[in-house]
Amino acid sequence: MALEGQLSDFNLAEILQLLASQQKSGFLNLEGKREMVFVFDKGLLISTRDRRSRSEDPFESYLKAYGFFTGEEWDHIEYVKANSSLDLTEILISEGLMNENELNRSLQGLAQEMTQMGMRMRHGRYNFNPTQDTPPGVKWKLRLDVQGLLMESARRMDEETQLRDFFSGPNVTFAQGSKVFPPENLGETGTRIMEMALAGLPLGRIIRQGRSESFVVRDLLKKWCSDGVLKVMETEAEDETEGRGDGKDRRNWTKNSLRSAPLTMLVVLLLAGMGWMRWTALPPGDTTLGHDLRTRQIRDEVVEAARLYRFAHDSWPATLQTMVDEGELPPTVLGTIQALGWSYQVESSGRSFTLG
């Protein structure tokens, strides 16, 4: 059964349900603002990656967008890829960067996010190329029930508006609330997100380093805030903007912060020390080892922020300020880049950018 047509006539949810109910095997390709592939084996979704494609691996984009590995680890991954015929999944296991459970969880997260993105597509084409048996060339097969993916995607789409309304923007930060969540009940993902939230990182940065889908991170933070475990704090930049009026919001923020003075002072001192070490701009003419390390850190910050933006918007950000506005790049990094005299420019092809 070969299928093809327009997504405006037959949406992704209907296509996936049809392929699952008829237990089909093959490759479903979506062509629109972004290209996607869904690989089926007897009605089960086994992959959202097509190794035959020359486009960027969506799994690699997912891992980079959500801060799974450091710059040095990605350099090592690229080195192994260049000197072997191993797939990314095989490299992550063989090099000890992920275990099987972590790899399965990440691939499932990618499949869930791509399903949700595909369900939003209203323009573009689809075509299904059937195979007699299990589609060839698939590395690290999953066995995902389509109905479960669709139901979870529908839930996330319904709650997306609530999440946007709950958080005023990607620059909001968090502080300890009136309750404490038992650490043993947090789990690995919850522990990581809670630590970053209590460290004062803004929402956009928590998403970028959360090692989970954007929805999962925001949903957890919203639940903790609603339960009183965390409370939302406005960033300094936003407070200054609001303070240009009667200053009421700034006074309220200060009053609430002083209710937990010891915790506030600890966080402030910690962040001040980290901020001084991390964000102090170096003179452009410095050629010391510290300067080399600092410039590499800055470059990694920009690359990570740009990758997250591209994963969310399917295009590179037009300017560095765009990433700052989206909460994916701290304003202090932009100031350091300007002090270094660097420039950022998207290539005319739109496939990459230069920074230097």
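The values are calculated or read from the model by the stated rules, or taken from the named source; none is laboratory data. Since this is a predicted model, take the numbers as computed values, not measurements. Cβ coordinates were reconstructed from backbone atoms using ideal geometry, including for glycine residues, and neighbour counts include every protein chain displayed.
Points to keep in mind about this one:
- For region 76-122, taking the residues that are of a type in the set (S, T, N, Q) and in contact with a Ser or Thr (Cβ under 6 Å, 6 or more places away or on another chain), the one that is surrounded by the fewest Cβ atoms within 10 Å (Cβ to Cβ) is identified as Q116.
- Cross-chain or 6+ apart pairs with Cβ under 7 Å, region 18-32 first and over 22 Å from S8 (Cβ atoms), then of a type in the set (D, E, K, R) and part of a strand (DSSP E or B): S25/D41
- Matching entry among A272, A306 (being surrounded by 17 or more Cβ atoms within 10 Å (Cβ to Cβ), under 22 Å from N171 (Cα atoms) and at pLDDT below 85): A306
- Scanning region 126-137 for residues that are closer than 17 Å to D50 by Cα and touching a residue at least 40 places away in the same chain (Cβ under 8 Å) yields Y126, N127, F128, N129, P130, T131, D133, T134, P135, G137.
- Taking the criterion of being within 19 Å of R49 (Cβ to Cβ), touching a residue at least 24 places away in the same chain (Cβ under 8 Å) and not β-branched (V, I, T), the residues of region 68-95 that qualify are F68, F69, D87, L88, E90.
Table: residues versus (1) more than 24 Å from L110 (Cβ to Cβ); (2) over 13 Å from the mean Cα position of the chain (by Cα).
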{"residue": "F166", "(1), (2)": "yes, yes"}
{"residue": "N171", "(1), (2)": "yes, yes"}
{"residue": "F174", "(1), (2)": "yes, yes"}
{"residue": "L186", "(1), (2)": "no, yes"}
{"residue": "L203", "(1), (2)": "no, no"}
{"residue": "Q209", "(1), (2)": "no, no"}
{"residue": "S212", "(1), (2)": "no, no"}
{"residue": "F215", "(1), (2)": "no, no"}
{"residue": "D219", "(1), (2)": "no, yes"}
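- Residue that is surrounded by the most Cβ atoms within 10 Å (Cβ to Cβ) [pool: residues in region 171-219 that are part of a loop (DSSP other than H, G, I, E, B) and either among the hydroxyl-bearing types (S, T, Y) or assigned by TED's automatic domain parsing to the domain that holds M117 (or both)]: S212
- Only one of the numbered conditions (1) in contact with a Phe, Trp or Tyr (Cβ under 9 Å, 6 or more places away or on another chain); (2) closer than 24 Å to L149 by Cα; (3) in contact (Cβ under 8 Å) with a residue 40 or more places away in the chain is violated by L103, and that is (3).
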